[in-house]
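Beneath this line is the structure, given in structure tokens, with notes to follow.
The values are calculated or read from the model by the stated rules, or taken from the named source; none is laboratory data. These numbers come from a predicted model, not from an experiment. Reconstructed Cβ throughout: ideal geometry from the backbone, glycine too, with neighbour counts over all protein chains shown. Areas reflect the complete protein model, heavy atoms only, side chains present, ligands, DNA and RNA absent. Shrake-Rupley method; radii C 1.70, N 1.55, O 1.52, S 1.80 Å.
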Amino acid sequence: MTSTRDAGSSTRDETQVELVRLLERLDELLERLADVESRWADRIGEVAAGYRVSAVNLAHYWAIRGLDLRDLQNRLAAFGLSSLGRSEAHVEATLRLVRAAVLAMLEDIWCPPQPSVVSARRSRELLEQRTAGLLGPAPADRDTRIMVTLPSEAAGDPDLVRRLVQRGMDVARINCAHDDPQAWRAMAAHVRAAAEEASRICPIAMDLGGPKLRTGPIEPGPRVVKLRPRRDDLGRVLVSARAWLTAAEEPAGPPEPGMTALPMPGEWLSGRRTGEVLAFHDARGAKRSLTITDTADGGLVGSLVQTAYVETGTVLWVDGPIEPAEVGPLPEREQALVVRPGDLLRLTRDCSPAPVETDGPQRIGCTLPEVFSCARVGESIFFDDGKIGGQIVAVHPDTIDVRIRRAAASGAKLRAAKGINLPDTALSISALTDKDVADLDTVVEIADVVQMSFVQDPADVAHLHELLADRRGDHVGVVLKVETRRAFERLPQLLMTAMRRPGVGVMIARGDLAVEVGYQRLAELQEEILWLCEAAHLPVIWATQVLEQLSKSGLPSRAEISDAAMGERAECVMLNKGPHIDDAVSVLDDILGRMGEHHYKKNALLRQLRSWYPTD
């Protein structure tokens with residue numbers, strides 16, 4: 001029979017053996033850090049002096065994440081030691097502290113570990129300093145900044161910008177894919193004035209358009225509008241259809257948003273009065289009547305109780321000796337190709353408007369000619385944020401044939417100017433277009449940050465650095481937008497190159513990235529990007545579709561509230577424009593303030609809970 005003393009001795013021996021093995025494993029990892037630091041010495045040496053320790057830690061993190069450490073984590077946790085799960089920002093320091101703790105258990109004495117390249121406290125200080133330098137100081141009640149994409153209206157509406165700043169906008173984003181330098185300067189001036197009025201700092205970030213792949217134009221439809229009353233389930237009219245009759249020579253905006261405008265000869269229109277009935281035959285030949293119900297500045301409001309299709313040239317007449325008048329030019333209706341699973345779609349170098357009806361395969365242009373020399377048979381291709389997907393089945397100098405695999409069975413509409421993603425294709429193109437280079441002149445003049453779209457290669461980053469230096473843009477920070485698979489796969493090298501000059505950040509552009517890597521992988525990849533940037537002590541912007549439903553409709557979904565809360569682990573969360581953008585800023589400000597009391601990165605913060613405990 002084994003005595004209790006013998007059993008205890010055996011347990012101690014097993015513990016000693018396990019501690020020795022842990023010590024050996026930790027020493028192996030520390031040796032691996034030294035090895036990768038030597039291998040990356042040239043890259044580290046090119047990094048700006050203030051970022052050198054971060055480059056070393058980034059290399060250390062890259063080194064240990066090339067291994068499966070799950071068994072080691074479990075073994076360390078069994079002794080109540082750090083399982084390395086929160087070591088991103090201070091890899092060497094964590095390993096040395098854990099090693100010192102294991103050694104103390106073995107020898108019953110504490111020996112302070114050797115100094116490391118960066119401590120836990122210093123790593124957090126570096127991230128906070130760089131975030132403040134790039135995105136401005138943190139607001140009083142939260143650490144995560146809010147970036148807002150300014151709509152075009154911001155150029156002429158300083159009150160809109162003022163409301164956004166008051167609600168909590170910390171960084172204003174100007175999208176260079178829209179508007180022009182004059183509008184951008186007006187937006188920037190409104191932001192500066194609103195920030196000064198609020199005694200705050202609100203940096204301006206300008207987003208370069210980059211070589212976005214898009215579908216070409218489609219032949220426009222007829223110049224016709226549909227007027228349709230709203231009916232109940234029994235077909236009874238609940239709300240009459242309404243139209244805005246305005247002078248074709250000097251058209252005025254309708255008194256209500258969304259009201260269909262009918263341009264009419266101004267002299268004829270000036271003779272019309274409330275209560276008059278305007279008769280006409282619509283595009284189908286159906287006889288209809290429009291009753292003038294109201295007047296407003298610049299026109300008249302007419303209503304009708306039957307559906308009507310009104311086209312350019314439709315003749316309206318009034319009973320009596322009054323000359324009839326024709327409806328003036330109406331806008332062309334936007335058309336779309338309808339594709340179904342199994343269809344063949346032909347991409348063409350020719351970007352002339354594509355016909356909607358054709359005897360052979362449907363065709364549509366592609367705005368980036370380089371695609372035709374880079375694409376290969378078997379590669380995947382997606383359109384319109386992944387709503388339509390297919391596989392390339394043939395490549396010719398001027399055409400690419402795509403077999404549609406993903407689309408609604410009843411047919412999916414593919415419109416002009418929709419994004420094209422080629423996640424498998426190695427596109428040998430620069431991330432900076434000629435327009436981007438020209439836009440940099442304005443960026444250097446008015447912006448604090450430039451956001452680089454579709455970056456894929458370290459050479460793209462080096463090129464941007466050169467262009468900024470040529471324009472004396474040393475004050476402009478650089479944010480790399482990770483929105484392609486190749487950018488994600490090369491992120492360590494991209495970060496090393498970006499850190500050659502101060503002022504660096506990363507945006508997780510989740511829309512295009514999800515299409516590129518597959519929606520099922522997005523959650524995993526955004527986590528990995530957050531970890532890698534934390535290792536480099538660089539701020540991250542969490543972007544795309546944050547509170548999008550709230551911004552557009554005024555009512556959030558439950559899922560997007562949870563998504564916004566997850567964004568607290570980044571240093572900044574970006575909102576896109578929408579009619580209710582000011583409400584979205586207020587809600588996001590509240591969410592980030594609350595979540596900041598519970599989490600920092602992957603660390604759960606155990607503040608005092610009040611939900612279940614009385615306060616008296």
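Listed values, structure above:
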{"item": "Filter result for residue 29 (part of a helix (DSSP H, G or I), modelled with pLDDT of 95 or more and farther than 18 Å from residue 492 by Cα)", "result": "yes"}
{"item": "Residue list for the range 339-349, filter: in a loop (DSSP other than H, G, I, E, B) and either within 27 Å of the chain's Cα centre (by Cα) or not charged (D, E, K, R) (or both)", "result": "341, 342"}
{"item": "Selection within the range 473-495 - open to solvent by 10 Å² or more (accessible area, probe 1.4 Å) and outside any loop (DSSP other than H, G, I, E, B)", "result": "481, 485, 486, 488, 489, 492, 493"}
{"item": "The range 376-415, subset part of a loop (DSSP other than H, G, I, E, B) and open to solvent by less than 30 Å² (accessible area, probe 1.4 Å), residue farthest from residue 483 (Cα to Cα)", "result": "411"}
{"item": "Tally of residues being open to solvent by 10 Å² or more (accessible area, probe 1.4 Å) and touching a strand residue (DSSP E or B) at 6+ places or on another chain (Cβ under 8 Å) across the range 167-183", "result": "3"}
{"item": "Scope the range 350-370; condition within 28 Å of the chain's Cα centre (by Cα) and open to solvent by 30 Å² or more (accessible area, probe 1.4 Å); matching residues", "result": "351, 367, 369, 370"}
{"item": "Within the range 184-212, tally of residues that are open to solvent by 20 Å² or more (accessible area, probe 1.4 Å), within 19 Å of residue 156 (Cβ to Cβ) and touching a residue at least 24 places away in the same chain (Cβ under 8 Å)", "result": "5"}
{"item": "Residues satisfying the stated conditions in the range 547-577, i.e. in contact (Cβ under 8 Å) with a residue 40 or more places away in the chain, part of a loop (DSSP other than H, G, I, E, B) and either open to solvent by less than 50 Å² (accessible area, probe 1.4 Å) or touching a Lys or Arg at 6+ places or on another chain (Cβ under 7 Å) (or both)", "result": "547, 570, 571"}
{"item": "Tally, over the range 256-276, of residues that are open to solvent by 70 Å² or more (accessible area, probe 1.4 Å) and either more than 12 Å from residue 318 (Cα to Cα) or outside any loop (DSSP other than H, G, I, E, B) (or both)", "result": "6"}
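Conditions tested, residue by residue: (1) more than 17 Å from residue 568 (Cα to Cα); (2) in contact with a Gly (Cβ under 7 Å, 6 or more places away or on another chain); (3) part of a helix (DSSP H, G or I); (4) modelled with pLDDT of 95 or more.
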| position | (1), (2), (3), (4) |
| --- | --- |
| 122 | yes, no, yes, yes |
| 127 | no, no, yes, yes |
| 148 | no, no, no, yes |
| 164 | yes, no, yes, yes |
| 185 | yes, no, yes, yes |
| 194 | yes, no, yes, yes |
